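Questions regarding the structure given below will be posed in turn.
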């Protein structure tokens with residue numbers, strides 16, 4: 001039986017903005033972007049993770065990063081003029097975003113936060129991002145994500161290993 005697609009704050013924002021998107025309910029398990037990529041047979045590089053981080057003053061911010069890459073926090077801090085940037089504790093991230101970690105979407109967050117996007121993401125024609133619930137990913141044109149979210153583009157990806 002097909003999973004029902006949820007109507008989350010993220011879905012409401014996308015619909016209100018007139019964004020064409022496809023929903024992809026999946027069997028949520030720990031493993032994040034790699035788990036979704038494996039279940040759907042897509043390149044994990046196209047699956048974008050939404051990270052709630054904070055600067056040295058404790059101000060929250062959102063970072064969009066390729067699923068197969070990590071944020072180089074030193075590079076990000078320099079790019080945004082902060083001394084340090086670090087991931088929020090899960091309970092703090094949940095409070096800021098209004099979502100549960102593992103189901104955090106950049107769309108429809110509880111609090112408005114500065115949003116930063118790895119620059120290379122903007123070059124993708126289409127991407128996958130969390131739809132606001134664990135086990136629910138949406139795919140959409142990257143141009144629509146950039147139009148609706150208006151993130152600041154930064155170079156903050158950890159160099160690949162190997």
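Rule-based calculations on the coordinates, nothing more; no lab input. Bear in mind that the values here come from a model prediction, so they are computed numbers and not experimental data. Note that we place each Cβ from the backbone using ideal geometry, even for glycine, and neighbour counts take in every protein chain shown.
Find how much the distance from residue 43 to residue 141 grows on full extension, using 0.36 nm per residue of separation minus their present alpha carbon separation; answer in nm with one decimal. Let's see the in-between values first.
On the way: separation 98, 0.36 × 98 = 35.28 nm, distance 1.57 nm.
Gain on stretching residue 43 to residue 141: 33.7 nm.
Here is a further query. Report the gain in length on full extension from residue 56 to residue 5: 0.36 nm times residue separation, minus Cα-Cα distance, nm rounded to one decimal. Show your work: numbers first, answer last.
Numbers: separation 51, 0.36 × 51 = 18.36 nm, distance 3.79 nm.
Extra length from residue 56 to residue 5 when fully extended: 14.6 nm.
Would you please state the base-10 log of I(q)/I(0) at q = 0.09, 0.20 1/Å for the chain, with intensities from the Debye formula using one equal scatterer on every alpha carbon?
Once normalised to I(0) and log-transformed, intensities are -0.26, -1.41.
Any idea what the alpha-carbon Rg over 2.2 N^0.38 Å comes to for region 111-158?
In units of the globular-protein estimate, region 111-158 measures up at 1.18.
Something else about it: Any chance you could check the Cα centroid distance between region 76-136 and region 10-59 for me, in angstrom?
After rounding, the separation between the Cα centres reads 9 Å.
Next up: Using a cut-off of under 13 Å, list every residue of region 88-121 whose amide N is near the label point 7 Å from the Cα of residue 153 along the Cα-to-beta-carbon line.
Those under the cut-off are 117-121.
How high is the relative contact order of the chain, given as a whole-number percent (alpha carbon pairs under 8 Å, six or more residues apart)? List each step's numbers first, then the result.
On the way: 324 pairs, mean separation 47.2, N = 162.
Once divided by the residue count of the chain, the mean separation gives 29 percent.
Please arrange 42, 71 by how many other C-beta atoms lie within 10 Å of their C-beta, fewest to most.
On the way: 42 18, 71 23.
The order, fewest Cβ neighbours first, is 42, 71.
Considering Cα pairs under 8 angstrom that are at least six residues apart, work out the relative contact order of region 92-139 and quote it in whole percent.
On the way: 56 pairs, mean separation 18.7, N = 48.
Rounded, it is 39 percent for region 92-139.
Also: Would you mind getting me the FRET efficiency between residue 75 and residue 12? Use the beta-carbon distance for r and R0 = 25 Å, nearest 0.05.
Values: r = 33 Å, r/R0 = 1.34.
Computed FRET efficiency for residue 75 and residue 12 comes out at 0.15.
Got a sec? How would 76, 46 order by Cβ neighbour count within 10 Å, fewest to most?
Values: 76 25, 46 20.
With the fewest neighbours first, 76, 46 line up as 46, 76.
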